[in-house]
């Protein structure tokens, strides 16, 4: 179970970093961000996470806000997975948990 939580945490970490990088390039590139190769690459990496969030958010949420909402939701899920990992580690009395 610990390996499963580690894998989930790693996937979430990659998605969170892609969204942070996308946000940084959004600020730095300005209007030319659509022609930026790295911005497009980070969009592709974060697309499996932003697309479901776009589906569940109301239409009043602008498309530019969806990555921010995705980041916040992934951050909450990352925290939950981390706490579950800590609980599992403490319940198994692993030496590295102390």
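Every read-out reported here was derived from the displayed coordinates using simple, explicitly stated rules and does not represent laboratory data. A quick note: this is a predicted structure, and the numbers were derived from the prediction, not measured.
Per DSSP H run of n ≥ 4, the term is -39500 (n - 2.57); total these for the chain, divide by its residue number, and report the mean residue ellipticity at 222 nm rounded to 500 deg cm²/dmol.
Roughly -26500 deg cm²/dmol at 222 nm, from the helical runs in the chain.
With 5 Å bins from zero, work out the P(r) of the chain over every alpha carbon pair and list the percent per bin.
2, 12, 20, 19, 15, 11, 8, 6, 4, 2, 0
So between residue 95 and residue 11, what do we pick up on full extension, going 0.36 nm a residue minus the alpha carbon distance?
So the extension gain works out to 27.7 nm.
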